[in-house]
Amino acid sequence: MKVLIVGKGGREHALAWKTSESPLVNKVYVAPGNPGTSKFCENINIKDNDIEALVAFAKKEKIDLTIVGPETTLALGIVDVFQENDLKIFGPKKSVARLESSKDFAKKIMEKYNIPTGSYKTFYNLEEAKLYVEEKGAPIVIKEDGLKAGKGVTVALTKKEALEALEIAFGIPDNKVVIEEYLDGFEFSLIALAHEDKIIPLEVGQDHKRVFNGDKGPNTGGMGVYSPVKRVTDDVIKDSVEKIIRPTLRGLQKEGLPFTGFIFAGIMDTAEGVKTIEFNVRFGDPEAEAILPRMKSDLVQLILDIMENKETVVDWSKETSCGVVLASEGYPSSSSKNAEIIIPEDVKSLIFHMGTREEKGKLYTDGGRVLIVVGKGENLEEAKEKAYIDVKKINCSKLFYRDDIGDKDLI
Ligand code: AMP
Ligand code: GLY
């Protein structure tokens, strides 16, 4: 088979790496890919939002399966266009991708189909939103409606913070804002392959959203991740599948919006049981970089199975993985570019490129999150230790990282 992976980050690097291990696959293309994927796949110089060029490439090369990484490409409707051209693609259509691209849409689906989540209200103007915050008090969560790369959310611990976040959100013309009840508990990411009402759940991961140690500072796309997560029991996972993922897929089907692709639920395990924080309609980043290296099953076979309505069981390594993100100075509010990165030969961990650029054989930073180093071990302690030994070997003056990835499960 020929497989095309769409995207250029760490998630797509991990998807391409896993796909290239499949005995079913003899060629993997990545559009546009990154310096990491260029080492074992063929990078194609097409941007991940250029759907016309992607479809033309897939037709010309007779691609058998396309896997889409970024939510932005899905929200643009790549799946609709590929299907119109009889090309097999794993992802949701544009109308279904609203589950991620509109917080308001996701909340309405959850409300209608009794999916556990925090109470909420959607606002179109600042004054009414402010009154609601005054009435509800803090802590409270402010979410801008559209796709924000993990950055449009403020978990406000004080009313003042909430009001400031509203001023910023409504400073953007025509913005819609969801104000949501604050959920207290243990957060984790559950990703499943899905097709209509069929589900293949994967083992869970724990993302670290805040930029600094101890979960301080603003939200980011994710600064590190480990998998599996000991604190999330089998019962909690079962509840998450049966109370969140399955009824959501059935609800979407009833709405005439059947889902295909990776469904990702951000879940809070609260004193009242599991509650949904958000849905994404693609694999997580950095979750993919920690979860896929533990998967023994063939990912491509799983995708083909689910698309044929087969709920296969996934085979997992017993090892734990721990991924530490190296980000550019200033991330998430700004990011630097063009700082040289040197990765010594003796680095043994898996490294996935998130935002790098190569020129004349040298590697440079090129974005907010730059690299993720993934250590594997018999347990989390060992995985963490291995990851950090290699993180410290990477030489670049403009990168920083959190020191405490995994500590939540070590305490
Ligand atoms: P989201 O983009 O909706 O996943 O939000 C980003 C992050 O903000 C989540 O991963 C949580 O850590 C936090 N968050 C979002 N909504 C809530 C909530 N209702 N209660 C507590 N924390 C939240
Ligand atoms: N790690 C969270 C996300 O992919 O949105």
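The values are calculated or read from the model by the stated rules, or taken from the named source; none is laboratory data. Please read these numbers as outputs of a predicted model, since none were measured by experiment. We place every Cβ from the backbone using ideal geometry, glycine too, and count neighbours over all the protein chains shown.
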Exercise. Output the residues belonging to the range 264-305 that are touching a residue at least 40 places away in the same chain (Cβ under 8 Å), away from ligand 2 (no atom under 16 Å from the Cβ) and hydroxyl-bearing (Ser, Thr, Tyr).
Key: 270
Self-check item: Scope the range 9-39; condition among the aromatic types (Phe, Trp, Tyr) and closer than 17 Å to residue 350 by Cα; matching residues
Solution: 17
Self-check item: Residues of the range 188-221 classified as touching a helix residue (DSSP H, G or I) at 6+ places or on another chain (Cβ under 9 Å) and under 28 Å from residue 314 (Cβ atoms), total
Solution: 22
Practice problem: Scan (1) within 16 Å of ligand 1 (Cβ to nearest atom); (2) in a strand (DSSP E or B); (3) under 18 Å from the mean Cα position of the chain (by Cα) for the single condition residue 269 breaks and write down its number. | Solution: (3)
Quiz item: For the range 397-411, how many residues are more than 21 Å from the chain's Cα centre (by Cα) and surrounded by 19 or more Cβ atoms within 10 Å (Cβ to Cβ)?
Solution: 2
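Can you tell me which residue is surrounded by the fewest Cβ atoms within 10 Å (Cβ to Cβ) among those in the range 268-285 that are of a type in the set (Val, Ile, Thr) and under 14 Å from residue 245 (Cα atoms)?
Across the range 268-285, the extreme among qualifying residues is 277.
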Practice problem: Name the one entry in 212, 259 that is modelled with pLDDT of 95 or more and crowded, with 17+ Cβ neighbours inside 10 Å. | Solution: 259
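Checking the structure you have, find out if any residue of the range 124-135 is within 16 Å of ligand 2 (Cβ to nearest atom) and either buried (at least 17 other Cβ atoms within 10 Å of the Cβ) or modelled with pLDDT of 95 or more (or both). Full working, then the answer.
Going through the range 124-135, the residues within 16 Å of ligand 2 (Cβ to nearest atom) turn out to be none.
The answer is no, given that none of the residues of the range 124-135 is within 16 Å of ligand 2 (Cβ to nearest atom) and either buried (at least 17 other Cβ atoms within 10 Å of the Cβ) or modelled with pLDDT of 95 or more (or both).
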Exercise. Search the range 351-394 for residues being more than 19 Å from the chain's Cα centre (by Cα) and of a type in the set (Ser, Thr, Tyr), and hand back the single one that is surrounded by the most Cβ atoms within 10 Å (Cβ to Cβ).
Key: 365
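Take residues that are away from ligand 2 (no atom under 16 Å from the Cβ), within 25 Å of residue 111 (Cα to Cα) and free of Cβ contacts under 8 Å to residues at least 24 places away in the same chain and tell me which of the strands (runs of 3 or more DSSP E) falling wholly in the range 170-247 contain 1 or more.
Numbers: elements: 177-181, 186-195, 198-201, 210-212, 216-219, 224-227.
Filter on the range 170-247 gives an empty set.
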Quiz item: residue 321 is checked against (1) at pLDDT below 95; (2) of a type in the set (S, T, N, Q); (3) buried (at least 18 other Cβ atoms within 10 Å of the Cβ) and fails just one. What number does that condition carry?
Solution: (1)
